[in-house]
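K.L.:
This is the structure I want to talk about, given as structure tokens.
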Amino acid sequence: MIKDRQIKLIIGSLLHDIGKVVYRSGDGRNHSQSGYEFLKNETDVQDQDILNCVRYHHAKYLKNANIPKNDCAYVTYFADNIAAFSDRRESEEQENGFDKTIPLDSVFNILNGNKGRSHYAMQVLNPQSEINYPTTDEIKMNDYFYRKVIQNITDNLLGIEISEDYLNSLLSVLEANLTYVPSSTSKKELADISLYDHVKMTAAMASCVEQYLETAQETDYRSRLYINAKEAYKEEMFMLYSMDISGIQNFIYTINSKGALKGLRARSFYLEIMMEHLVDELLETLSLSRANLIYTGGGHCYMLLPNTDKVKKLVQDNESKVNKWLLDNFGTALYVAGGFATASANVLKNEPKGSYSSLYVEVSRRISSKKSHRYDADTIRSLNRKSHDGERECSICRRIGKLVDDKCHICNALEKMSGGILRNKYFTIMCEPVKNALPLPVDRYLVADTEDSLLQRMQKDTYIRSYTKNDMYTGKHVATKLWVGDYNTGETFEELAEQSAGVKRIGVLRADVDNLGTTFVHGFEGEDGDDKYVTLSRTATLSRQLSLFFKCYINKILDNGSSGSLGKGGGRKVVIVYSGGDDVFLAGAWNDVIAAFCDIRNALTQFTQGTLTISGGIGVYHAGEPINVMAEEVARLEQASKDTDGKDAVTIFSKEQNYPWNVLLDKILKEKLQVIQQYFGQADDHGMAFLYHLTDLLRNTEEQINVARYVYLLSRMEPDTRKSPEQRVAYRAFSKKMYEWGQNEVDRRELITAIYLYVYLHREENAL
């Protein structure tokens with residue numbers, strides 16, 4: 001439980017810059033005063049601690065403020081300075097003055113050596129809205145937009161109580177309205193940090209500072225954080241902490257084929273919820289809010305925590321408790337590893353140079369060490385002595401345990417709840433088991449809810465918290481809205497296969513962003529080694545943008561697929577099994593899976609301004625193929641793409657058919673496949689047998705006889721004199737291209753892939 005004073009500090013820090021929105025909506029006063037009066041007069045916030053955080057978060061107003069020396073305003077002032085110094089680095093242009101019409105710049109402008117000048121349109125964050133791609137079009141923020149934003153915030157603040165129960169609702173409101181509002185409108189600074197990211201980071205830092213000083217029994221905040229702030233910047237008040245769940249892939253894919261697709265999606269979502277739950281349980285234990293969560297996705301998370309002995313012990317105790325629960329429920333299949341590194345405010349500002357990147361290196365090292373030494377000697381001996389008397393193998397996951405209907409309690413609950421997981425928007429954590437609930441660490445239970453059933457559960461003593469899926473719902477105890485990639489056009493692999501063009505097969509895709517770990521650590525460094533932009537604020541902003549893309553915008557990308565040689569425009573006939581912070585697993589109609597990957601890649605290129613690339617593998621299978629076999633094979637195809645020089649690649653069908661993206665898009669799909677489609681679209685007297693023979697010869701053209709046979713086969717296709725001149729011209733153009741491509745090893749390999757694609761697109765099932 002968070003103390004009342006800490007709650008006020010968090011809320012005051014989250015709202016400390018609300019006056020910027022008021023000022024930009026047409027109010028001519030300084031933003032500290034306008035924010036103070038807005039909260040007091042328009043939203044009925046009367047708590048003096050909160051109001052002081054807003055009114056006195058700048059030195060010139062704090063200097064003569066008649067407030068106690070331990071007032072929260074000093075903490076907000078200190079935290080605001082750290083966050084501001086971290087994100088407001090001077091731009092190269094160094095123009096003077098402020099301009100409230102400046103839009104939010106893209107954080108990708110300076111990522112991985114980019115020198116972009118893109119920015120975002122005025123928009124309130126909404127999953128139903130169009131994707132807000134960075135653009136170079138002229139955009140000027142206006143009073144009308146800011147008035148709309150302030151009205152939205154006003155309406156929501158009037159319905160939110162100043163209490164711990166509503167902290168996450170406040171975060172949700174601010175995220176929705178301030179994601180595309182710049183924190184700074186100074187023309188001499190980069191404007192790539194949103195006001196939401198800034199106030200959230202300020203609240204996180206303020207919480208850490210307050211707990212650190214409380215542990216040190218410091219009560220004179222004025223002296224420590226205001227008068228002697230420079231010395232305080234050197235103190236290691238902070239701790240960067242990360243958790244990582246091992247064994248996710250095996251857990252998801254170790255299932256039988258019956259109801260495999262529904263099972264895959266349910267298991268993926270279960271683990272996603274589990275990580276969110278672990279985050280919230282730990283933050284609650286530490287008396288912190290989700291403002292301290294920097295990133296979560298794909299079984300990983302990063303948090304900013306206070307650097308105290310108490311926190312370190314609680315973190316370690318939490319890991320031990322969670323891993324014991326995982327052992328009891330999953331054996332050695334799942335494991336949580338945590339790691340931390342301590343930091344001063346200066347380090348979070350990357351002073352001295354390189355110190356911020358070192359944080360992530362140290363955290364990663366500690367996590368790797370724990371993964372290498374999972375269990376102590378006592379635990380290992382206990383596992384070796386474990387008896388399986390009366391226990392049998394689960395028919396789904398194959399783990400040994402006590403079964404109900406041939407299933408372990410986890411698989412049984414997942415099966416019964418899978419429909420609710422996929423259909424419902426609300427998910428509730430309870431402290432007592434109810435029918436069909438899924439167990440969560442530690443002694444917690446997950447149920448899927450409608451809005452009505454959620455409201456009923458909130459009235460019970462067993463209610464802990466709830467989550468919403470792709471919905472900006474606000475209310476008591478709402479932990480967070482979860483952006484979830486849940487696009488779906490079929491319930492079974494068989495159903496998806498039937499939606500395929502040509503041969504009725506499913507496609508399976510596994511892909512992730514290239515070199516993302518390196519990007520997080522070094523992506524904002526300049527070409528000359530200048531790392532003034534390497535800061536926590538930008539890391540957090542980058543993380544959130546990628547989460548938006550892979551968890552929210554991906555649904556719209558798949559629903560608005562671009563037409564091409566492999567599929568029509570509109571909704572892709574695919575299902576998202578999971579889509580995390582940087583990776584994606586899709587299944588669906590084989591041709592639409594390939595087309596969907598093209599859509600995702602093209603959208604990512606536009607979204608990140610070409611600063612990030614994605615690589616993956618696609619396999620094509622019968623619908624009844626065991627899912628674990630498909631997953632393993634596609635993982636190998638994905639790795640083949642990752643092993644490509646420069647990555648940015650895709651592998652289709654087999655490891656031999658591995659191509660950089662530009663080759664697949666330009667050389668195979670736009671060039672070779674189009675040539676084949678255009679010719680065979682009018683030449684209806686040549687069957688698939690011709691293409692099968694052609695492919696066999698192309699595979700072995702190093703033998704002279706096969707080259708001769710290849711030329712002979714092409715010549716046999718020549719139309720006789722009864723055909724139209726147009727057909728004869730088309731043949732000559734086609735055969736010329738086929739001959740040229742057949743002589744070159746690179747073109748030959750690309751041609752084989754194009755032929756495969758054409759055959760799959762036009763071959764009927766009964767012809768197989």
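Computed from the coordinates by the stated procedures, all read-outs in this text should not be read as laboratory data. Computed from a prediction, not measured in an experiment: that's the story for all the values here. A quick note on method: Cβ atoms are made from the backbone with ideal geometry, for glycine too, and the neighbour counts reach across all protein chains shown.
K.L.:
Largest first, please: the extent of the C-alpha atoms of region 271-393 along each principal axis, to the nearest Å.
P.N.:
60, 28, 27
K.L.:
Turning to a different aspect of this structure: Can you sort Cys208, Cys598 by how many other beta carbons sit within 10 Å, fewest first? Before the final figure, lay out the partial values.
P.N.:
Details: Cys208 27, Cys598 21.
Least crowded to most crowded, the residues run Cys598, Cys208.
K.L.:
On a 0 to 90 degree scale, rounded to 10, what angle separates helix 590-607 from the longest Cα axis of the chain?
P.N.:
The angle comes out near 40 degrees.
K.L.:
Any chance you could run the full-extension gain for Lys723 through Thr379? It's 0.36 nm times the residue separation minus the Cα-Cα distance, nm to one decimal.
P.N.:
On the way: separation 344, 0.36 × 344 = 123.84 nm, distance 8.00 nm.
Here the segment from Lys723 to Thr379 would lengthen by 115.8 nm.
K.L.:
If you don't mind, there's one more thing I want to ask. Let me know the shape class of region 628-677, please: from the alpha-carbon gyration tensor, a ≥ b ≥ c as square roots of the eigenvalues, rounded when a/c is under 1.5, otherwise prolate if a/b is greater than b/c, or oblate.
P.N.:
Numbers: a/c = 3.57, a/b = 1.62, b/c = 2.20.
Cα axes put region 628-677 in the oblate bin.
K.L.:
Where does each of 629-638, 211-220 land if you order them by average Cβ count within 10 Å, highest first?
P.N.:
On the way: 629-638: 19.0, 211-220: 15.9.
Final packing ranking: 629-638, 211-220.
K.L.:
Among Tyr77, Tyr61, Tyr356, Tyr295, rank each residue by its count of other Cβ atoms within 10 Å, from fewest to most, as a rough exposure measure.
P.N.:
Values: Tyr77 28, Tyr61 16, Tyr356 25, Tyr295 19.
Result, fewest neighbours first: Tyr61, Tyr295, Tyr356, Tyr77.
K.L.:
Turning to a different aspect of this structure: Relative to the longest principal Cα axis of the chain, at what angle does helix 704-716 sit, 0 to 90 degrees, rounded to 10?
P.N.:
80 degrees
K.L.:
Kindly express, to the nearest 10 degrees and within the range 0 to 90, the angle between helix 143-157's C-alpha long axis and the longest C-alpha principal axis of the chain.
P.N.:
70 degrees
K.L.:
Treat the count of other C-beta atoms within 10 Å as a stand-in for reagent exposure and order Met141, Met205 from fewest to most. Could you put the intermediate results ahead of the total?
P.N.:
Values: Met141 22, Met205 29.
Least to most surrounded, the residues fall as Met141, Met205.
K.L.:
Dipole of the chain (Lys/Arg Cβ +1, Asp/Glu Cβ -1, origin at the Cα centre): which of Tyr731, Leu327, Val577 lies farthest to the positive side?
P.N.:
Towards the positive end, the residue furthest out is Leu327.
K.L.:
Shape verdict for region 238-482, please, from the Cα gyration tensor: rounded (a/c under 1.5), prolate (a/b greater than b/c) or oblate. Provide the component values of the computation, followed by the final result.
P.N.:
Working: a/c = 1.98, a/b = 1.27, b/c = 1.55.
Since a/c reaches 1.5 but b/c is at least a/b, the shape of region 238-482 is classed as oblate.
K.L.:
With contacts defined as alpha carbon pairs under 8 Å and 6 or more residues apart, what's the relative contact order of region 216-300 in percent? Working shown, then result.
P.N.:
On the way: 30 pairs, mean separation 27.3, N = 85.
Result for region 216-300 is 32 percent.
K.L.:
Greater than 22 Å separation of Cα atoms is the criterion. Which listed pairs, Lys40/Lys148; Lys416/Lys469; Lys8/Lys230; Lys504/Lys667; Lys262/Lys407; Lys20/Lys230, meet it? Walk me through the numbers before you get to the answer.
P.N.:
Numbers: Lys40/Lys148 19 Å; Lys416/Lys469 20 Å; Lys8/Lys230 25 Å; Lys504/Lys667 26 Å; Lys262/Lys407 16 Å; Lys20/Lys230 26 Å.
Listed pairs above 22 Å: Lys8/Lys230; Lys504/Lys667; Lys20/Lys230.
K.L.:
What number comes out for the charge environment of Glu319, summing +1 per Lys or Arg and -1 per Asp or Glu over other residues with Cβ under 13 Å away? Walk me through the intermediate numbers first.
P.N.:
Working: positive: Lys312, Lys313, Lys321, Lys324, Arg366, Lys370, Lys371, Arg374; negative: Asp244, Glu281, Asp317, Asp376.
So the environment of Glu319 carries a net charge of +4.
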